[in-house]
1. Mean residue ellipticity at 222 nm from the helices of the chain, using -39,500 (n - 2.57) per DSSP H segment of n ≥ 4 over the full residue count, to the nearest 500 deg cm²/dmol?
2. Please give the contour-minus-distance gain from Ala175 to Ala132: 0.36 nm per residue of separation, less the Cα-Cα distance, rounded to one decimal in nm.
3. Once ligands and nucleic acids are excluded and a 1.4 Å probe is used, how much of Asp29 is accessible, expressed in Å² to the nearest 10?
4. Kirkwood Rh, the chain, all Cα pairs: how many Å?
5. What are the ³J(HN,Hα) values, in whole Hz, obtained from phi via the Karplus relation 6.51 cos²θ - 1.76 cosθ + 1.60 with θ = phi - 60°, for each residue of the stretch 131-137 in sequence order, with x given for Gly and Pro?
6. Sorting Glu34, Glu70, Glu92 by accessible area (1.4 Å probe), largest first, what list results?
7. If r is the Cβ-Cβ distance from Leu89 to Gln152 and R0 is 22 Å, what FRET efficiency results, to the nearest 0.05?
8. Determine, from the Cβ-Cβ distance of Lys39 and Val82 and an R0 of 35 Å, the FRET efficiency 1/(1 + (r/R0)^6), rounded to the nearest 0.05.
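The values are calculated or read from the model by the stated rules, or taken from the named source; none is laboratory data. In this text, all values refer to a predicted model and were calculated from it rather than measured experimentally. So basically every Cβ, Gly included, is an ideal-geometry build from the backbone, and we count neighbours across all protein chains shown. Just so you know, the surface numbers come from the protein's heavy atoms only, side chains and all, with ligands and any DNA or RNA stripped out. Shrake-Rupley method; radii C 1.70, N 1.55, O 1.52, S 1.80 Å.
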Amino acid sequence: ALGHARVSRRHRLLVFVAVEFSIAFWATDYLQTERNFSKSGAAASASLLLVGMTIGRVAGGPLAQRVRSETLLFTALAVAAVGFAVFWLIDERPLTLGGLAVTGLGLSLLYPLTLALAIAAAQGRTASARAAFAAGIAIAVAPFALGAVADQAGLVVAYAIVPLLLSAGATVLFAAQSRSA
């Protein structure tokens with residue numbers, strides 16, 4: 001069971017980092033090409049993802065001391081999914097931008113909480129090295145895979161990978177939760 005828990009934590013980390021970087025790498029282009037923002041407007045507006053992440057990480061520290069990590073992960077996933085759906089699917093500038101900020105808010109806790117759970121479960125083993133390796137793979141592969149799909153089918157279609165990755169993360173999280181219950 002411990003082996004399965006380690007695998008699922010690595011998979012969660014990989015998936016959550018893949019989501020974060022896929023959105024961050026392509027948000028400016030998405031705003032420009034799909035939502036008709038100017039180049040400078042798209043670049044400035046894409047920073048709302050980071051603003052949401054910053055607010056979430058600042059608020060998340062104290063929250064993580066009072067709320068179970070798994071509960072926070074499920075909540076963060078839901079917030080990220082709703083925010084991304086609004087950003088991705090609704091073509092109204094204020095909603096698109098609000099959705100991007102809410103996405104960042106939800107994404108903000110996924111990596112730190114998953115990393116903390118992996119390190120705690122590893123009990124002194126190589127969790128941080130494995131986490132860094134998983135994050136590196138996610139950063140090296142996911143945004144570029146999304147870009148390859150966008151080249152063939154467009155960015156709106158390519159961004160469908162994000163809800164799939166969020167669903168995969170939720171599935172792995174749920175399975176790990178079920179095994180530990």
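1. Using -39500 (n - 2.57) per qualifying helix, the result is -30000 deg cm²/dmol.
2. The Ala175-Ala132 span can extend by a further 13.2 nm.
3. The value for Asp29 is about 60 Å².
4. 16.5 Å
5. Working through the residues one at a time gives 5, 5, 5, 4, 5, x, 4 Hz.
6. Solvent-accessible surface, decreasing: Glu92, Glu34, Glu70.
7. For R0 = 22 Å, the calculated efficiency reads 0.60.
8. The pair Lys39/Val82 has a calculated efficiency of 0.80.
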